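To keep things clear, I will list the structure first and then write my remarks on it.
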Amino acid sequence: MALRARGLSKTFRGPDGRPVPVLHGVEVEAKAGEFVAVAGPSGCGKSTLLNLIGLLEPLDAGEIWLDDVCVSRLSRRAQCRVRGRSLGYVFQSFLLIAGLTALENVLLAARYVSRPRAEALATARALMERLGVAHRADHYPAQLSGGEQQRIAYCRAVLNAPPLVLADEPTGNLDEGHAAVILAELRGLCRERGTSVILVTHRADAAALADRTLRLREGRLESQGGERNS
Amino acid sequence: MVGVRRLLPRGYLFTVLGIAVGVAGLVALGAMAERITRFIDGGDRFVLGQISVAGEGMGMGTGFTAGGLLRAAKIEEIARVPGVAAVQAQVMLPLDPTTSQFLTLTQELILGVDPAGRMPNREFRELPVRAGRALRAGDRGVAVVGADFAASRGLRPGAALVLAAGRSFEVVGVLDKTLTAPDRFAIVPLDDARDLWLRRDPLLVQVFAGGVGGMSRSDLNTGAAVAWADGADPDALARRIQREVPGLNVTIPGELSRLLRQSTAFFSALLFGIGVLGLVIGGLSLSNTVTAAVFERIRDFGIKRALGATDGQLLREILGEALGVSLSGGALGVGLALAVGALVDARVLRDGQQLFLFSPRLLAFAIGFSVVLGGLAATYATLRIVRLSPAEAIRRGA
């Protein structure tokens, strides 16, 4: 799935009510199967950019297109469908639901897209097996290590085989070994399944795996990274 | 186990406990109100079920009648008034004449009735006997006691009961709880009641010994209960008796009921206050607990929206959880109130009292109230949450 984001702008309100501009007319494109990294210093707007592309945050200005559909103009209900079927998220802080087991957390992605449970269960188990967390299926997030939680979060993000995966610092809380597993998985998604991946990262090794690296500074795109990194 | 998990999602234990406390308070207050209501209604039904008559003057002034001796000749006159179906002579004495007679509805009474006769009261054709039997023709020296009267003394059929002046009776029956005046009655044959009265009142003995006014034992009645024929208007009949049989104090059932209602107006207001208080306390506690529980999970709902949950899906999910939690909390609260009520009533029963009445309608209302209010609170919280973007919900819940 091809992504085109044009003129994305976002301003938040500070504690004193004053506007705090975060993004100024940012343009992002990703072809189907392309692995794009977004790098930049803390506070430059990387996570906000990912939230806007993922329809998790309303835009102040700009447009987001997935293939031929301007998803930023869809109704709330239609945007929910896009989030459920076309987008997968991997967050830095995992964002697993504490009251659900690891397996239930993974299956949550199938619940809102009316996917048959038996089919989703088989896919979830296969994914967890591949990521080496199948034996933790009945554990709650608090009973899992950081690496295991991130692998569960990754399984949830790709359960419905979304054509676009958005990963916000997915290795930020992981050691080298676990980080390598997640990065290899993301890279594999692009190569083997033609999934587009947008990765927000601080890590040079993570950015090096990407086809292109966009650099953000103070809410503006500094570089489009036109060439493949590696 | 999975079923229980679905009904009561993990992490909701304190929510359920919070709801249970609110519902328990509501049910306990409601049960006290029900108890008082039943008591007042019982008294009202009793006075509306018969015409109570006493002789002219002050007399004993106890129980439902107030007036002087009602002589046998007067009772015969009353029986001849058109519209009267039956007249039953009665002797009603306070069990303990040394205590204040102020609260006649709560005091313990000795009621003497003709054991062969049927209760003339239309609302209480016969008093329900829980153990043993009712009085029957030819009985002497026996008593049927009310539920509270029996409980406060540990009486059962076969037990001995000293009622007054050392006179012992055998308890032959214990009444079922009526939650009104008869619960505190000791019902004895009319002749036995007359004996007790004579033993207690030296003046009466002198009157009988002196043969004053040609009185006999059959004249020794504190009052009579009058039953009316089918189709007769009891108030009109009472006024007719008043007109046609001079020298009587006749209570008009409708007026007595009105007086009773007026005298219990304070209790009615108290009931209303208790009810409102129960609803407000229980309602606030429940809705606050459910709303807080939903807002506490705002991050989870943000995650679910990020995974594609629509407003409708989220609302259905939260309502389902709220229903399970409210039902569990409501049921636990009802159980808690029943347990506390049983403990308190076991303690006060020693004094012949009962504080709580957990009627089915009260329990059904409490459960329904929990579910409806829980649902409303969850809907309110959900509508607040779905207004937020998924990212904002996740940030606020972080």
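Bear in mind these aren't lab numbers, they're just calculated from the coordinates by the rules spelled out. Everything numeric here is computed off the predicted structure, so don't read it as measured data. Counting neighbours? That spans all protein chains shown, and the Cβs are built from the backbone with ideal geometry, glycine included.
Straight-line reach from B:Lys74: taking Cα to Cα under 14 Å and skipping same-chain neighbours fewer than 8 places apart, the aspartates and glutamates in range are B:Glu56, B:Asp219, B:Glu244. Ordered from longest to shortest, the equivalent ellipsoid semi-axes for the protein assembly as shown are 86, 23, 18 Å, each the square root of 5 times a Cα gyration tensor eigenvalue.
How large, in Å, is segment A:1-111 by the Kirkwood hydrodynamic radius built from its alpha-carbon pairs? The Cα-based Kirkwood calculation yields 15.6 Å. In segment B:279-318, the ratio of gyration radius to Kirkwood radius, Rg to Rh, stands at 1.13 when only Cα atoms are counted.
Over all residues in B:384-397, what is the mean tally of Cβ atoms on other chains that come within 10 Å of each residue's Cβ? Per residue, the average neighbour count from other chains is 3. Extending 7 Å from Cα along the Cβ direction at A:Ser42 and again at B:Arg199 yields two label points whose distance is 9.5 nm. Among beta bridges from DSSP that stay inside segment B:57-246, the antiparallel ones total about 65%.
Which values of log₁₀ I(q)/I(0), to two decimal places, follow from the Debye formula for chain A at q = 0.12, 0.16 Å⁻¹ with a uniform point scatterer at every Cα? Taken in order of the listed q values, log10 I(q)/I(0) reads -0.64, -1.14. Most tightly packed first, judged by the mean number of other beta-carbon atoms within 10 Å of their residues, the peptides B:318-326, B:244-252 read B:318-326, B:244-252. Of the candidates A:Gly132, A:Gly219, A:Gly88, which one comes out as most mobile in a Gaussian network treatment of chain A with C-alpha springs shorter than 10 Å? Comparing A:Gly132, A:Gly219, A:Gly88 in a Gaussian network model of chain A, the most mobile one is A:Gly132. Rounded to two decimals, the Cα-based Rg/Rh of segment B:163-214, with Kirkwood Rh, is 1.11.
The alpha-carbon atoms of segment B:133-271, seen along their principal axes, cover 48, 42, 31 angstrom, with the largest extent given first. For the peptide A:57-66, the mean number of other protein chain Cβ atoms found within 10 angstrom of a residue's Cβ is 1.
Computed packing ranks the peptides B:374-385, B:253-264 as B:374-385, B:253-264, most packed first, by mean other Cβ atoms within 10 Å. Note on segment A:83-153: Kirkwood radius taken over Cα pairs, Stokes-Einstein applied at 25 °C and 0.890 mPa s, translational D equal to 200 µm² s⁻¹. Pairwise Cα distances in segment B:243-329 exceed 19 Å in 66 percent of cases. Computed over segment A:19-71, the P(r) tail beyond 14 angstrom holds 58 percent of alpha carbon pairs.
Within straight-line reach of A:Lys46, meaning a Cα separation under 28 Å, sit the following lysines at least 8 residues removed in sequence or on another chain: A:Lys10, A:Lys31, B:Lys304. Over chain B, DSSP H runs of length four or greater, each weighted -39,500 (n - 2.57), average out per residue to a 222 nm ellipticity of -18000 deg cm²/dmol.
I need the semi-axes of the equivalent ellipsoid of chain B: take the C-alpha gyration tensor, multiply each eigenvalue by 5, square-root it, list largest first in whole angstrom.
Over the Cα atoms of chain B, the semi-axes work out to 60, 22, 16 Å.
In chain A, the longest principal axis of the Cα atoms and the axis of helix A:117-130 are about 90 degrees apart. For the options A:Val69, A:Val36, A:Val106, a Gaussian network treatment of chain A with springs between C-alpha atoms closer than 10 Å singles out A:Val69 as fluctuating the most.
Starting from the alpha-carbon convex hull of segment B:57-246, give the projected area averaged over all orientations, in nm².
Directional mean of the projected Cα hull area for segment B:57-246 stands at 11.1 nm².
Between the Cα long axis of helix B:265-296 and the first principal axis of chain B there is an angle of about 20°, rounded to the nearest 10. With charges only on Cβ, +1 for K and R and -1 for D and E, what is the dipole size of the protein assembly as shown about its Cα centre, in debye, rounded to 20? Roughly 1200 debye, rounded to the nearest 20. Among A:43-53, B:169-179, sorting by the average number of other beta carbon atoms lying within 10 angstrom of each residue, highest first, gives A:43-53, B:169-179. Plainly put, segment A:42-89 has a radius of gyration that is 0.97 times its Kirkwood radius, both from alpha-carbon atoms, as the Rg/Rh ratio. Considering only beta bridges that DSSP places wholly inside the protein assembly as shown, some 60 percent are antiparallel. Between segment B:337-370 and segment A:1-56, the alpha-carbon centres lie 61 Å apart.
Counting only other chains, and only Cβ atoms inside 10 Å, what mean value do you get across the residues of B:230-243?
Across the residues of B:230-243, the mean count of other-chain Cβ atoms within 10 Å is 0.
When DSSP assigns beta bridges and you keep just the ones with both residues in chain B, what percent turn out antiparallel, to the nearest 5? Bridges in chain B that DSSP calls antiparallel: roughly 70 percent. What is the angle, in °, between the Cα long axis of helix A:146-158 and the longest principal axis of the Cα atoms in chain A? Nearest 10 is fine, range 0 to 90. That helix lies at roughly 80 degrees to the long axis.
Backbone amide hydrogens, once placed in the peptide plane, bring B:Arg133 within less than 5 Å of B:Gly173, B:Val174, excluding anything fewer than 5 places away on its chain. Comparing B:Asp195, B:Asp44, B:Asp345 in a Gaussian network model of chain B where C-alpha atoms under 10 Å apart are linked, the largest mean-square fluctuation is found at B:Asp195.
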